[in-house]
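Participant: Let me begin by handing over the structure; questions about it come next.
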Amino acid sequence: MPTSVPLNWYLILSAILFGLGIAGFVFRRNIITVFMSIELMLNAVNLSFISFSYQLRHVDGHIFSFFVMVVAAAEAAVGLAIILTVFKNRATLAIDDVSSMKN
Amino acid sequence: MQHLWLIPLLPLAGFLINGLIGKRLPNFPVSVIAVASVALSFGWVLKTLSALGPLETAHVEHYYTWFQSGTLNVGVDLAVDRLTAVMLLVVTGVGLLIHIYAIGYMAHEGGYYRFFSYMNLFMFFMLTLVLGANFLLMFVGWEGVGLCSYLLIGFYTLKKSAGDAAKKAFIVNRIGDFGFSLAMFLVVVNFGSLDFQKVFDAVRPMPVEQSAGLLTAIALLFFVGATGKSAQVPLYVWLPDAMEGPTPVSALIHAATMVTAGVYMTARASVIFERSPMAMDVVAVVGVVTAAMAATIGITQFDIKKVFAYSTVSQLGYMFIACGAGAFSAGIYHLVTHAFFKALLFLGAGSVIHALGGEQDLRHMGGLMKKIPITFGVLACAWLAISGVPGFSGFYSKDEILMAAHHSSPWIYWVGVVTAGMTAFYVSRAMFLCFFGSYRGHHHPHESPFVMWGPLGVLAVLSVIGGWCFNVPHYLAPMFPLAEGAHDETLVYISVAFGLGGIALAFLMYVVSPGIPDVIANALGPIYRLVYHKYLVDELYGAVIVSPLVNGSRALLWRFMDAGLIDGIVNGTATMSRTVGGVLRLFQSGSIRSYAAWVTVGCVVLLMVLGVMAGGVQ
Amino acid sequence: MDAILFLLFAAIAVACGINLVVQTHPISSALSLIGVMASLAVLYLLLGAEFMAAAQMIVYAGAIMVLFVFTIMLLNAGAEQRKGKSIIAKVLGVPALIAFLGLVSFLIQSLLPRSEEVKFGAFTGGTAQAIGKKLFTEYLLPFEVTSVLILVAILGAVVLARKEI
């Protein structure tokens with residue numbers, strides 16, 4: 001058993017989580033779950049930012065993921081408000097039913 | 001500087017005003033603008049000519065360089081010499097009278113402003129043609145008058161025959177214009193200039209060509225242009241049809257001015273023609289053939305305007321006989337007197353037609369002498385003038401021409417004399433059918449207003465005195481030396497005898513015993529019908545030239561090129577876009593999840609590319 | 001020790017991620033996401049990002065996820081119905097996802113062949129002090145702009161969530 005792991009593993013973990021986020025986004029129909037998948041993808045990206053920051057011994061990556069976090073918070077506030085409105089108007093959370101863009 | 005540019009630009013201003021705002025104006029201001037612009041132009045011509053004095057040499061004004069290409073330098077230059085002076089007076093003078101006449105004639109027709117703006121535009125181009133100091137400017141006017149002729153023949157836009165006649169005139173003239181262009185190319189290539197002065201100065205030292213050469217080619221090509229514009233064999237067919245236009249147009253364009261442009265051009269290029277006896281012979285022969293042929297057709301026609309149209313063709317033939325015989329000044333002389341009496345004939349015919357409410361068929365006229373006496377009086381002057389009765393204007397000019405013809409080749413003289421007899425006959429026939437005997441129509445005739453017969457009166461006076469009052473050959477003597485040789489009195493008597501004989505014969509056949517013409521027509525049967533149907537020339541052209549062109553265009557250009565090839569390409573493009581779009585629109589499902597899937601696929605592809613590139617780097 | 005911690009929390013993160021995707025009920029997904037975030041916070045600590053680890057727990061796992069859970073409760077969202085509408089998503093999604101993971105892993109391995117071993121404490125630049133200094137000097141303008149962004153987001157949320165829209 002090695003005492004430590006290479007940085008690559010962190011990056012691969014980030015990729016796996018990102019892929020899971022994509023899977024959630026593509027396969028799930030519930031709009032809230034889809035939104036959470038997006039948060040998962042953001043987290044995966046944050047992990048790779050911090051990993052690179054470690055590699056470079058530089059704090060800029062942290063700052064960047066800090067901003068990502070801020071944006072995610074703002075996005076969650078607005079996004080959930082939109083979900084509420086959609087639900088109020090259509091009484092559904094299934095993303096396939098909200099397809100007025102199609103016509 | 002005499003500001004020659006004012007002469008053509010005044011009618012152009014009239015055209016612009018009437019063309020742009022005439023539609024909103026009542027008739028009166030429109031006619032005032034149109035007539036005033038021509039009157040001012042006429043006045044400016046008089047002022048210029050009096051200021052320029054005897055005009056021994058040409059007065060040239062250079063305004064600016066139109067274009068410069070290599071050594072060729074074409075300027076907008078206007079020039080006045082004695083030949084131009086004569087033409088200017090005829091064009092603006094007769095043009096002014098016809099404009100005044102048209103005020104009355106067109107009063108009840110639609111498109112009043114359109115008519116007068118076209119007429120003003122015509123004056124502009126005609127004056128450009130006459131004043132231009134180089135071949136190209138002349139050609140601009142040449143084409144412009146063709147355009148106006150087209151517009152005015154087809155003035156009654158709702159009549160299909162008028163539109164067809166306009167197209168015919170335009171297309172037939174194209175053939176002539178093509179010859180003109182080729183002649184200009186030859187001039188540019190060989191003399192490096194288009195200025196009259198430079199070209200003629202270069203030609204003068206050249207020897208007379210005994211066999212066909214460069215000058216013959218140039219002269220003949222110019223003459224092709226002249227046959228088109230001046231309605232000579234074989235391109236005369238458009239002029240009789242051109243009578244579809246309003247009568248003032250027939251008088252102004254198709255009798256007095258535009259159709260004489262070919263004669264003017266031939267006289268202008270006389271230096272070239274004189275050095276090619278062969279071309280001169282061609283001109284004379286074409287002239288004499290045209291004169292005789294058109295006169296025979298004129299005898300058989302019943303439409304009063306058609307009779308005068310063939311008469312015009314015939315008289316233009318006379319002018320070319322003069323040119324071909326080397327008596328250019330006689331040709332111009334006849335041009336001037338013809339402008340007077342033929343304009344008068346047409347305007348008088350217009351007055352008759354006006355009086356009869358649009359009737360043009362001679363068979364439905366008759367006995368109008370008492371009903372419209374003024375019209376009869378003025379028409380009689382023109383009648384006697386064209387018949388060559390001594391003392392009237394036509395006598396002098398025709399006499400000059402026949403004398404010159406006899407001087408160069410007697411057979412032309414004899415044909416000319418016979419034609420003169422026929423001319424007298426058919427005009428007399430028209431007059432007798434129209435004014436003598438008993439009235440055969442139904443419409444109640446009424447005399448034309450003063451605004452119409454006023455100009456007619458002026459023209460009548462000119463038709464009578466124009467011959468001895470304006471001695472054109474004498475005036476043009478510095479440019480075209482007077483023919484030497486004694487004035488043979490016998491020849492004059494012969495031609496006068498033929499003219500009076502023609503009148504007498506017509507009097508016998510149409511007044512004394514009106515049954516004779518039918519007897520003769522029946523006796524001559526096929527020949528009469530051939531002449532009555534204008535020697536079937538239109539049918540011949542239709543079969544030989546028009547229908548092969550039409551059929552070829554239909555099969556090759558339309559069916560194959562246009563419908564098959566070009567439409568195929570266009571439709572093919574549309575079909576292809578549609579097919580591709582049909583496939584692409586499947587992607588636009590409207591389902592966000594499938595979009596996300598596609599984005600993922602795109603990412604994968606990008607990563608693959610990135611991997612390949614990274615592998616390549618390492 | 002580092003390796004054990006990494007493997008443990010990576011395994012938790014992946015397991016929770018899979019659970020997020022697989023669960024049909026949104027509240028289960030939300031709880032799984034919290035698990036992912038918590039284990040990620042531990043990994044941040046391992047990478048020497050102590051401020052970010054704290055922020056991850058407080059902002060993400062705390063504030064944002066609470067918002068999610070509130071919304072789920074408010075809408076009384078139940079398990080989603082299984083009715084496939086988007087076939088393309090299934091047909092394309094799974095192979096594309098596998099290809100994506102494979103490619104990314106390959107690229108990471110090939111582009112960073114000799115990345116260093118991660119040792120806890122080897123990098124200590126991620127303290128609150130260090131980040132604060134950066135934020136209020138070098139990144140002052142973006143930081144202030146984010147405050148405007150959040151203000152706009154608050155206003156937007158208020159407008160959207162009003163009764164009648």
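Participant: Applying 1/(1 + (r/R0)^6) with R0 = 35 Å to the Cβ-Cβ distance of C:Leu151 and C:Leu112, what FRET efficiency is obtained, to the nearest 0.05? The partial results should precede the final answer.
Facilitator: Numbers: r = 40 Å, r/R0 = 1.14.
After rounding to 0.05, the efficiency reads 0.30.
Participant: In addition: Can you pull the mean other chain C-beta count within 10 Å for peptide C:126-133? Can you show the working numbers first?
Facilitator: Working: counts 6, 2, 0, 0, 3, 4, 0, 1.
Per residue, the average neighbour count from other chains is 2.
Participant: Hey, can you list the DSSP H helices of chain C whose Cα span along the axis is 27 Å or longer and whose average Kyte-Doolittle score is at least 0.0?
Facilitator: Details: long enough: C:2-22 (30 Å, 2.43); C:26-46 (30 Å, 1.95); C:87-111 (35 Å, 2.12); C:140-160 (30 Å, 2.49).
Membrane-span-like by this criterion, though nothing is claimed about a membrane: C:2-22, C:26-46, C:87-111, C:140-160.
Participant: Output the peptides C:62-74, B:54-66 sorted from most to least packed, where packing is the average of other Cβ atoms within 10 Å over each peptide's residues. Write out the running numbers ahead of the final one.
Facilitator: On the way: C:62-74: 16.6, B:54-66: 12.9.
For the peptides C:62-74, B:54-66, the packing ranking is C:62-74, B:54-66.
Participant: Calculate the tail of P(r) for chain C: the fraction of all Cα-Cα distances greater than 22 Å, expressed in %. Could you put the intermediate results ahead of the total?
Facilitator: Numbers: 8731 of 13530 pairs.
Percent of Cα pairs beyond 22 Å in chain C: 65.
Participant: To continue, here is another question. Please work out whether chain B counts as rounded, prolate or oblate from its C-alpha gyration tensor, where a ≥ b ≥ c are the square roots of the eigenvalues and a/c under 1.5 means rounded, while otherwise a/b larger than b/c means prolate and anything else oblate? Before the final figure, lay out the partial values.
Facilitator: Values: a/c = 2.03, a/b = 1.68, b/c = 1.21.
Note, shape of chain B comes out prolate.
Participant: Across peptide A:45-53, what mean number of C-beta atoms from other chains lies inside 10 Å of a residue's C-beta? Please list the in-between numbers first.
Facilitator: Working: counts 0, 7, 9, 1, 2, 11, 6, 2, 7.
So the per-residue partner count for this stretch is 5.
Participant: Ranked highest first by the average count of other Cβ atoms within 10 Å around their residues, in what order do B:396-406, B:83-93 fall? Don't skip to the end; give the middle numbers.
Facilitator: On the way: B:396-406: 26.3, B:83-93: 23.9.
Ranked by mean Cβ neighbours within 10 Å, highest first: B:396-406, B:83-93.
Participant: Let me ask another. What shape does the stretch B:390-488 take by its C-alpha gyration tensor, where a ≥ b ≥ c are the square roots of the eigenvalues and a/c under 1.5 counts as rounded, a/b above b/c as prolate, and the rest as oblate?
Facilitator: oblate
Participant: Quick one: give the max-minus-min coordinate of the C-alpha atoms of the stretch B:109-241 along each principal axis, largest first, in Å.
Facilitator: Here the spans come out as 56, 28, 18 Å, largest first.
Participant: Another question, then. Taking the stretch B:201-296, how much of its Cα-Cα pair set, in percent, is spaced more than 23 angstrom apart?
Facilitator: Details: 1411 of 4560 pairs.
Across the stretch B:201-296, Cα pairs with separations above 23 Å total 31 percent.
Participant: Can you tell me the FRET efficiency between B:Val605 and B:Ala543 if r is taken as the Cβ-Cβ distance and R0 is 56 Å, rounded to the nearest 0.05?
Facilitator: Working: r = 70 Å, r/R0 = 1.25.
E between B:Val605 and B:Ala543, to the nearest 0.05, is 0.20.
Participant: Another question about this same structure. At a Förster radius of 35 Å, what calculated FRET efficiency corresponds to the Cβ-Cβ distance of C:Ala79 and B:Arg585, to the nearest 0.05?
Facilitator: Details: r = 34 Å, r/R0 = 0.99.
The value I calculate is 0.50.
Participant: Tell me, how many Å apart are the Cα centres for the stretch B:503-573 and for the stretch C:86-165?
Facilitator: 89 Å
Participant: Also: For the protein assembly as shown, treating each Cα as an identical point scatterer without solvent, what Debye log10 I(q)/I(0) comes out at q = 0.04, 0.07, 0.08 1/Å?
Facilitator: -0.44, -0.62, -0.70
Participant: Excluding B:Thr57 itself, what net charge comes from residues whose Cβ is under 10 Å from its Cβ, given Lys and Arg +1 and Asp and Glu -1?
Facilitator: -1
Participant: Shifting gears a bit: Could you give each residue of the stretch B:18-24 its phi-based ³J(HN,Hα) in whole Hz, using Karplus coefficients 6.51, -1.76, 1.60 with θ = phi - 60°, and x for Gly or Pro?
Facilitator: Going residue by residue, I get 5, x, 8, 10, x, 4, 8 Hz, with x marking Gly and Pro.
Participant: Can you tell me the relative contact order of chain B? Whole percent, Cα pairs under 8 Å, sequence separation 6 or more.
Facilitator: On the way: 982 pairs, mean separation 72.0, N = 618.
Averaging sequence separation for qualifying contacts and normalising by length gives 12 percent for chain B.
Participant: Mind sorting C:Phe143, B:Phe222 by how few other Cβ atoms lie within 10 Å of their own Cβ, fewest first? Mind dumping the intermediate values first?
Facilitator: Numbers: C:Phe143 16, B:Phe222 27.
Listing C:Phe143, B:Phe222 from fewest to most nearby Cβ atoms yields C:Phe143, B:Phe222.
Participant: Round to a whole angstrom and tell me the spacing of the C-alpha centers of the stretch B:128-144 and the stretch C:23-44.
Facilitator: About 93 Å separates the Cα centre of the stretch B:128-144 from the one of the stretch C:23-44.
Participant: With the Cα gyration tensor of the stretch B:10-95 giving a ≥ b ≥ c as the square roots of its eigenvalues, does the rule (a/c under 1.5 for rounded; else a/b larger than b/c for prolate; else oblate) give rounded, prolate or oblate?
Facilitator: Details: a/c = 3.52, a/b = 1.44, b/c = 2.44.
It comes out oblate by the Cα gyration axes.
Participant: Looking at the stretch B:484-566, which GluC sites (Glu not before Pro) are DSSP coil and have at most 11 other C-beta atoms within 10 Å of their C-beta? Intermediate results must be reported in sequence, preceding the final value.
Facilitator: Working: sites: B:Glu484, B:Glu489, B:Glu539; in loops: B:Glu484.
Qualifying residues, ordered by number: B:Glu484.
Participant: Next question, about the same structure. Could you rank the peptides B:440-447, B:567-574 by their average count of other C-beta atoms within 10 Å per residue, with the highest value first? Intermediate values should be presented prior to the final figure.
Facilitator: On the way: B:440-447: 13.2, B:567-574: 10.2.
Top to bottom by mean Cβ count within 10 Å: B:440-447, B:567-574.
Participant: While we're looking at this one, here's another question. Pairwise over distinct Cα atoms, reciprocal of the mean inverse distance: report the Kirkwood radius of the stretch B:150-189 in Å, one decimal place.
Facilitator: Numbers: mean 1/r = 0.0886 Å⁻¹.
After inverting the pairwise mean of 1/r, the radius is 11.3 Å.
Participant: Still on this model: Starting from 0.36 nm per residue, how many nanometres of slack lie between B:His443 and B:His487 once their C-alpha separation is accounted for?
Facilitator: Length difference between fully extended and current span is 10.8 nm.
Participant: Average the reciprocal distances over every distinct pair of alpha-carbons in the stretch A:7-66, invert the result, and give the Kirkwood radius in Å. If you can, show how the numbers build up before the last one.
Facilitator: Working: mean 1/r = 0.0840 Å⁻¹.
Its Kirkwood hydrodynamic radius stands at 11.9 Å.
Participant: For n ≥ 4 DSSP H runs only, could you compute -39500 (n - 2.57) per run for the protein assembly as shown, divide by its residues and tell me the 222 nm figure to the nearest 500? Write down the numbers at each step before the final one.
Facilitator: On the way: 36 runs with 620 residues, N = 886.
For the protein assembly as shown, the value works out to -23500 deg cm²/dmol.
Participant: For the pairs B:Lys159/B:Lys305; B:Lys198/B:Lys229; B:Lys168/B:Lys229; B:Lys229/B:Lys342, flag any whose C-alpha to C-alpha distance is greater than 19 Å. Kindly include the intermediate steps, with their values, before the conclusion.
Facilitator: On the way: B:Lys159/B:Lys305 17 Å; B:Lys198/B:Lys229 25 Å; B:Lys168/B:Lys229 13 Å; B:Lys229/B:Lys342 17 Å.
Checking Cα-Cα distances, B:Lys198/B:Lys229 exceed 19 Å.
Participant: While we're on this one: Above 13 Å lies some portion of the pair distances; for the stretch A:29-95, what is it as a whole percent of all C-alpha pairs?
Facilitator: Details: 1489 of 2211 pairs.
More than 13 Å apart: 67 percent of the Cα pairs in the stretch A:29-95.
Participant: Which number comes out as Rg/Rh for the stretch B:199-242 once both Rg and the Kirkwood Rh are worked out on C-alpha atoms? List each step's numbers first, then the result.
Facilitator: Details: Rg = 14.3 Å, Rh = 12.2 Å.
Computed over Cα atoms, the ratio is 1.17.
Participant: Further question: How tilted is helix B:160-191 with respect to the longest principal axis of chain B? Cα atoms for both, answer in degrees (0 to 90, nearest 10).
Facilitator: 90 degrees
Participant: Compute the long axis of helix B:135-153 from its Cα atoms, compare it with the longest principal axis of the Cα atoms of chain B, and write down the angle in degrees, 0 to 90, nearest 10.
Facilitator: 90 degrees
Participant: Can you give me the angle between helix B:373-387 and the longest principal axis of chain B, using Cα atoms only, in degrees from 0 to 90, rounded to the nearest 10?
Facilitator: 90 degrees
Participant: Just from the alpha-carbon atoms, what are the Rg and Dmax of the stretch B:477-577 in angstroms?
Facilitator: When restricted to the Cα atoms of the stretch B:477-577, Rg and Dmax are 29.4, 87 Å.
Participant: Enumerate the amide H contacts of B:Asn73 below 5 Å, restricted to partners 5 or more residues apart or on another chain; note that Pro and chain-start residues carry no placed amide H.
Facilitator: Placed amide hydrogens put B:Leu194 under 5 Å from B:Asn73.
None of the figures in this text is laboratory data; all of them are computed from the coordinates on show. Note that the structure is predicted; figures quoted are calculated from it, not measured. Counting neighbours? That spans all protein chains shown, and the Cβs are built from the backbone with ideal geometry, glycine included.
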